[in-house]
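Worksheet: one structure, shown below.
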Amino acid sequence: EERVVARRDAALQIFYDDADGDALILNKWFTVQALADLPDVLDRVKTLVDHPEFTLSNPNRCRSLISAFSTNTAHFHFEDGDGYKFLSDMIAKV
């Protein structure tokens, strides 16, 4: 498990580094994480909201993370309702 996590995190870091600031590629970098089938994906998305490359003032960047997470059916609609609360909080901030 630890090796898988380490390899996943390394791959995401390579993805980010290779983007070299390209907005379209960074949007994909945010999206791939928002759509991940991981038990802690909502926590990861919440952390990404504070990433220096993320801003709610850019509609494409907002879509790439927030909207993408809302299509992550298994995690967005989790029975605890945290996905809904997160989305409503983000809408209020926009």
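The values are calculated or read from the model by the stated rules, or taken from the named source; none is laboratory data. All of these numbers come straight from a predicted model, not from anything done at the bench. Cβ placement follows ideal geometry from the backbone for every residue including glycine, while neighbour counts extend to all protein chains displayed. For accessibility, only protein heavy atoms count, side chains too; no ligands or nucleic acids. Shrake-Rupley method; radii C 1.70, N 1.55, O 1.52, S 1.80 Å.
Looking for something of a type in the set (S, T, N, Q), surrounded by 12 or more Cβ atoms within 10 Å (Cβ to Cβ), outside any helix (DSSP H, G or I) and free of Cβ contacts under 8 Å to residues at least 40 places away in the same chain - is there at least one such residue anywhere in region 71-78? If you could, list the steps in order and put the result at the bottom.
Pass one, region 71-78, residues of a type in the set (S, T, N, Q): 71-73.
Add one more test, that the residue is surrounded by 12 or more Cβ atoms within 10 Å (Cβ to Cβ), and what stays is 72.
Of the ones still in play, those that are also outside any helix (DSSP H, G or I) are 72.
With the extra rule that they be free of Cβ contacts under 8 Å to residues at least 40 places away in the same chain, the set shrinks to 72.
Within region 71-78, one or more residues are of a type in the set (S, T, N, Q), surrounded by 12 or more Cβ atoms within 10 Å (Cβ to Cβ), outside any helix (DSSP H, G or I) and free of Cβ contacts under 8 Å to residues at least 40 places away in the same chain.
With the structure loaded, tell me whether Ile66 is among the β-branched types (Val, Ile, Thr), part of a helix (DSSP H, G or I) and either in contact (Cβ under 8 Å) with a residue 60 or more places away in the chain or open to solvent by 70 Å² or more (accessible area, probe 1.4 Å) (or both) or whether it fails that test.
Working: among the β-branched types (Val, Ile, Thr): yes; part of a helix (DSSP H, G or I): yes; either in contact (Cβ under 8 Å) with a residue 60 or more places away in the chain or open to solvent by 70 Å² or more (accessible area, probe 1.4 Å) (or both): no.
So Ile66 does not fit the description; no.
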So Asp37, is it exposed (fewer than 11 other Cβ atoms within 10 Å of the Cβ) and closer than 18 Å to Thr71 by Cα: yes
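Determine if region 53-72 includes at least one residue that is of a type outside the set (Phe, Trp, Tyr) and at positive phi. Break it down stepwise before answering.
First, the residues of region 53-72 that are of a type outside the set (Phe, Trp, Tyr): 53, 55-68, 70-72.
Now drop any that are not at positive phi, which leaves none.
No, that holds for no residue.
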Report every pair of residues separated by at least 6 positions or lying on different chains whose Cβ atoms are under 7 Å apart, first residue within region 5-28 and at negative phi, second of a type in the set (D, E, K, R). Leu26/Glu53; Asn27/Arg61
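Go through region 9-52 and give me each residue that's of a type in the set (D, E, K, R) and closer than 30 Å to Glu79 by Cβ.
Asp9, Lys28, Asp37, Asp40, Asp43, Arg44, Lys46, Asp50
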